[in-house]
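Notes follow once the structure below has been shown.
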Amino acid sequence: MNCKRFIIFIVFICNQLYAQQTDTIVQTDTITHKNLIDKTLDLFEFKIGRASISSFPSGGYDPSSALSFGFIQVVSVSPSEGAKYSRPTSIVNHYTYSTNNWLNLKSDVAYFSPNGFVVNAYIQYIQAPDKFYGIANDTLNTEYVTFDIKDLKLKGDYSKALYKNLYGGISFDISHTYTKSKDANTQGLDIPVQKNTLLLRIGPHFAYDTRNNVNYPSKGE
């Protein structure tokens, strides 16, 4: 009986030592991996005062746009010391162009003033040739009309801190879409050859925000 207990004790100790060694190896690999990532990201980032600018190439493929390429740029400005509302201001720019002549220009802005004023907005311009196949269950993918689409959007909100993490203000949405048929006829499809659409919206905005970090939150709502 004592021999069995001794064997069980030895097996337990060996398992514990192996587990600790494995954890150490995993932690070491994780630290090394993070260091490699940090070193790689440092090649695309530089700082000017309180601002840090990171630029990364981007690419992708979609059946409509085909092969696209461009870059993503992130600008972050840390708040000044002693600011009552200490949150960084960030601007994210995303520009892409595709082999099917799709153009996508977009900028997201999250501005936090030291006095509690907040502006969250984005502006986007899309230029994309597209196809219209009609609306029905018996439409064919071989019968379509090609279009040129130009879409400009401006959307966001402007608010002020009312009490701690509670914000109130206005929201707005402006959208203008221009479509024009590239085909000489509509091939029996009941669609306009050219169309301009303008949409405007404005209304109240309320927000509750307790995130510890706007760009990379780890807690809060």
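The values are calculated or read from the model by the stated rules, or taken from the named source; none is laboratory data. No experiment lies behind these values; they were computed from the predicted model shown. Glycine gets a Cβ as well: all are built from the backbone with ideal geometry, and neighbour counts include every protein chain shown. Remember, those area values only see protein heavy atoms, side chains included, never the ligands or the DNA or RNA. Shrake-Rupley method; radii C 1.70, N 1.55, O 1.52, S 1.80 Å.
Charge tally for Gly169 (other residues, Cβ to Cβ under 9 Å; Lys, Arg +1; Asp, Glu -1): 0. Surface analysis of segment 59-135 yields an accessible area of 57 Å² per residue, using protein heavy atoms and a 1.4 Å probe. Summing Lys and Arg as +1 and Asp and Glu as -1 over all other residues whose Cβ lies under 15 Å from the Cβ of Tyr178 gives a net charge of +2. In the structure shown, the pairs Lys150/Lys182; Lys106/Lys180; Lys47/Lys155 are assessed against 18 Å; a Cα-Cα span above that value is assigned to Lys106/Lys180; Lys47/Lys155.
Count Lys and Arg as plus one, Asp and Glu as minus one, and take only other residues whose Cβ is under 10 Å from that of Ile123; the net charge is then +2. Extension gain for the segment Tyr133 to Leu152, taken as residue separation times 0.36 nm less the Cα-Cα distance, is 4.5 nm to one decimal.
A 1.4 Å probe over all protein chains sorts Glu81, Glu45 by accessible area into Glu81, Glu45, starting with the largest. For segment 74-169, averaging the sequence separation of C-alpha pairs within contact (under 8 Å, six or more residues apart) and dividing by the residue count gives a relative contact order of 21 percent.
Annotation for Ser218 and Ser54: the two label points, set 7 Å from Cα along the Cα-Cβ direction, are 1.5 nm apart.
Whole-Hz Karplus values for segment 121-128 come out as 7, 9, 10, 9, 10, 10, 10, 8 Hz, taken residue by residue from phi with 6.51 cos²θ - 1.76 cosθ + 1.60 and θ = phi - 60°; glycine and proline positions read x. Placing pseudo-labels 7 Å out from each Cα toward the beta carbon at Phe117 and Leu198 gives an inter-label distance of 2.7 nm.
Measuring nothing but protein heavy atoms, the accessible surface of segment 87-171 at 1.4 Å probe radius is 58 percent carbon and sulfur.
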